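The values are calculated or read from the model by the stated rules, or taken from the named source; none is laboratory data. As the structure is a computational prediction, the values presented were derived from the model and not from experiment. Cβ placement follows ideal geometry from the backbone for every residue including glycine, while neighbour counts extend to all protein chains displayed. Surface areas here come from the heavy atoms of the whole protein model, side chains and all, with no ligands, DNA or RNA. Shrake-Rupley method; radii C 1.70, N 1.55, O 1.52, S 1.80 Å.
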Amino acid sequence: MSTTPASDINPALIHWDGPMGLPEFARIDEGAFAAAFAAALPAHLAEIEAITNDPATPTFENTIVALERVGEMYSRVSGAFWNLSGANTNDTLQELERQLSPELSRHHSMVMMNAALFVRIDALYQDRDNLGLDSEAARVLELTWKSFVRSGAKLDPANQARLAEINERLASLGTAFSQNVLADERDYALVLETDVDLAGLPDFLISSMAAAAEERGHAGKHAVTLSRSIIEPFLTFSTRRDLREQAFRGWVARGEGPGDRDNRPIVAEMVKLRAEKAALLGFATFAHFKLDNTMAKTPEAVRELLETVWGKARQRAAEEADDLSALIAGEGHNHAVAPWDWRHYS
């Protein structure tokens, strides 16, 4: 992505003047994001370099606090982009997301693997007991140091390069995974032809399904989509068990379609790369890496916690299944409780 002068950026991306200090999304054209990132990324790196090249002895203020304060343009442009692409995406935003994901990963690696910058941070961390920091500042220093270490700051150059490659690939895979699920959600429609198909549905849902059908070229009919505002109430209210099953199977099959939308090869590659990443950083598994900086600390601790509730949770679920079976039998049916029955009878 080429560099763009800050003067060419849509000011609505940087100056958030909307309600509660949020962006005015109505003033943001998706075509403005490429130029905004092209200006924000080098500006952020320049701010990082200013901290790195500060000739003064490293202090909490000129290093840690300074790091907390840089990147405002980058943060605002990113915040607006990811919120918009997550809530109201389109082909333009998705194409940019595919371009940006590996680029932003490379940018993150350039910052977090900056050897000279980490020298400053590490010097402060090793001398932390003598800095006179209060508990909050000490925690910020600790988290900053750990974040750099977990991002590969202590690795040798060859392993840093490999870790950057892994992170870049994982970013691309994560975007592909999400977009595959979103594409399946967007394209799925169970079109209902008759009033009998609407049995049990409330008026608000019937209205939403009519609008969804019209959007898809089925005016005068109704469509079950995988939008949560439709699929969840449909599974709750519909008395047509056969239709509930079709809709549920479509819902849980997102990302398992044939061809490029099949997320299973993506998951397999992600698992392999995550394992390699964890090993590079000195962890037994990716789970150990993810949990090291959390309260649980280890997968073993998480498993112990889960096992303390598993028995009771399973028992309670079985009791609820019995209650639902009684409701089903009370309606004169003899089928077992299936996943597409649970919301309806609950």
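Assorted remarks:
- Some residue of segment 163-174 being over 30 Å from GLY259 (Cα atoms) and either of a type in the set (Ser, Thr, Tyr) or open to solvent by 60 Å² or more (accessible area, probe 1.4 Å) (or both): no
- The lone exception for ILE9 - which of (1) modelled with pLDDT of 90 or more; (2) open to solvent by less than 20 Å² (accessible area, probe 1.4 Å); (3) of a type in the set (Val, Ile, Thr) it fails: (1)
Residue by residue, here is whether (1) open to solvent by 30 Å² or more (accessible area, probe 1.4 Å); (2) in contact with a helix residue (DSSP H, G or I) (Cβ under 6 Å, 6 or more places away or on another chain); (3) without any contact (Cβ under 8 Å) to a residue 40 or more places away in the chain holds:
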position	(1), (2), (3)
GLY18	no, no, yes
GLY21	yes, no, yes
ALA26	yes, no, yes
GLY31	yes, no, no
ALA39	no, yes, yes
PRO42	yes, no, yes
GLU49	yes, no, yes
THR52	no, yes, no
THR63	no, yes, no
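- Some residue of segment 149-162 being within 21 Å of the chain's Cα centre (by Cα), in contact (Cβ under 8 Å) with a residue 24 or more places away in the chain and in a helix (DSSP H, G or I): yes
- Qualifying residue in segment 328-342 (condition: assigned to a helix (DSSP H, G or I), modelled with pLDDT under 95 and aliphatic (A, V, I, L, M)): yes
- Hits in segment 270-287 (condition: more than 19 Å from ALA161 (Cα to Cα) and of a type outside the set (A, V, I, L, M, F, W, C)): THR285
- Flag if ARG240 is basic (Lys, Arg) and either closer than 30 Å to ARG150 by Cα or out of contact with any Asp or Glu (no Cβ under 9 Å at 6 or more places or on another chain) (or both): no
- Residue in segment 162-181 that is of a type in the set (Val, Ile, Thr) and at pLDDT below 95 present: yes
- Just one of the listed residues (GLU142, GLU61, GLU136) is among the charged types (D, E, K, R) and farther than 27 Å from THR294 by Cβ, and it is GLU61.
- When the residues of segment 328-344 are filtered to those that are over 32 Å from the mean Cα position of the chain (by Cα) and open to solvent by less than 90 Å² (accessible area, probe 1.4 Å), the one that is nearest to LEU235 (Cα to Cα) is VAL337.
- Residues in segment 303-345 that are hydrophobic (A, V, I, L, M, F, W, C) and touching a residue at least 12 places away in the same chain (Cβ under 8 Å): ALA321, LEU324, LEU327, ILE328, VAL337, ALA338, TRP340, TRP342.
- VAL140, sole failed condition from (1) buried (at least 18 other Cβ atoms within 10 Å of the Cβ); (2) out of contact with any strand residue (DSSP E or B) (no Cβ under 7 Å at 6 or more places or on another chain); (3) touching a residue at least 12 places away in the same chain (Cβ under 8 Å): (1)
- Matching entry among SER75, SER105 (being part of a helix (DSSP H, G or I), open to solvent by less than 60 Å² (accessible area, probe 1.4 Å), under 30 Å from LEU182 (Cα atoms) and of a type in the set (S, T, N, Q)): SER105
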